[in-house]
Amino acid sequence: MESILTPPSSFCFDKNASDANNIHDKWMKWKRSYEIYSKACEINKKSLEIQVNILLHVVGEQCREILDQLPEKCTTVENIWKKLDEQFKTKRNVTVERHRFFIRDHRDNETIEQYVFELGKLAQNCEFRDLHDELIKDRLVCGVSSAAIRERLLTEDDLSLKKAMDICRAAVASRTYSEKIKPEREDMHNVHQVKQMQNHIALVKSKISSSRGQIRSQVPDDAAKFERWSGGRGDRAESRCQRAAGPRERPLPTRGRGASQWRSVAGSNNQCSYCGIVHKKFECPAYGQKCARCLRMNHFARVCGVNYIEDSDDKDSEASG
């Protein structure tokens, strides 16, 4: 069996190390490892001499030098353990060890199990005896990083170490689940806000469309009201507005010698009341000309409304006759 299992490495230490407690802890760990190896390989069933030589071989050269300097030679395994324990054993300051225990707080990214495990390791050197678990529980309550978990632990009666750890595990699991579903809730809230905004925009658009329809429907009604109010004088009212907006226009003569002088343009029947012909907009030939009949500006005598040409001719003929 010993050929299958690998024995622990040789125990090495720094002779000039100032921290004796650290050397003692390392020695106790190595001793525990060798005891497990010895039981697994059934070394205790071998002869006493073989057991001693296996231990001296595995323990390493530094420990063999310590044993060789002793006045008496170690012939049993128990004697070897006793001499080496005396060599590496240090007198512990219990006050210092308890101070280390009571100032150990829960660290970031450290689980509750890891925290309690570290407290247990520190408590081994504090000589708490029967108060071992109780003081670890109290240190857990005081040192846990979450104030909410601490408040929950303080409300419990007859709190034990096991119960305190169960409460901490449940609180951590609940917080982890809450942090997991928080982004999902935020996404759902954002989607709800987007839908509300879309519904609001659709409602505003529908109101605008309906208001435009009402305006269009009111336009014929307003025209009818105006027609009723004017008493059928809509055209006359419109002509009055036109006369007020621009220069005063005179009606064109429809008979007599001047009527043969009107000319028209194909596709149009609008004749200028200032010159008597059809022309493009802003191209009236009478603009800037003086009327030979009334001596006023911007119209010709043939369209002047003071006295028509045909009237004066008729009067002259009657006088001569």
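The values are calculated or read from the model by the stated rules, or taken from the named source; none is laboratory data. No experiment lies behind these values; they were computed from the predicted model shown. Positions of Cβ are backbone-derived with ideal geometry, glycine not excepted, and every protein chain shown enters the neighbour counts.
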Task: Positions within region 150-174 being within 31 Å of the chain's Cα centre (by Cα) and surrounded by fewer than 12 Cβ atoms within 10 Å (Cβ to Cβ), in sequence order - done: ALA173, SER174
TODO: Tell me which residues, restricted to region 86-116, are without any contact (Cβ under 8 Å) to a residue 40 or more places away in the chain and of a type in the set (Asp, Glu).
DONE: GLU86, GLU97, ASP108, GLU110
Task: Members of region 100-118 that are more than 39 Å from the chain's Cα centre (by Cα), in a loop (DSSP other than H, G, I, E, B) and under 21 Å from LYS162 (Cα atoms) - done: none
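In region 119-126, is there at least one residue being more than 29 Å from TYR34 (Cβ to Cβ), assigned to a helix (DSSP H, G or I) and under 46 Å from the mean Cα position of the chain (by Cα)?
Looking through region 119-126, none of the residues is more than 29 Å from TYR34 (Cβ to Cβ), assigned to a helix (DSSP H, G or I) and under 46 Å from the mean Cα position of the chain (by Cα).
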- [ ] Spot the failing condition for SER47; the list is (1) crowded, with 17+ Cβ neighbours inside 10 Å; (2) over 60 Å from the mean Cα position of the chain (by Cα); (3) at pLDDT 90 or above, and only one is missed.
- [x] (1)
Open item on the list: Cβ-Cβ distance below 7 Å, separation of 6 or more or different chains: which pairs start in region 50-65 with a residue that is closer than 13 Å to TRP27 by Cα and end on one that is of a type in the set (S, T, N, Q)?
Closed with: VAL59/SER10; GLY60/SER10
- [ ] Among residues belonging to region 77-95 that are surrounded by 12 or more Cβ atoms within 10 Å (Cβ to Cβ) and more than 14 Å from TRP27 (Cβ to Cβ), point out the one that is modelled with the lowest pLDDT.
- [x] VAL94
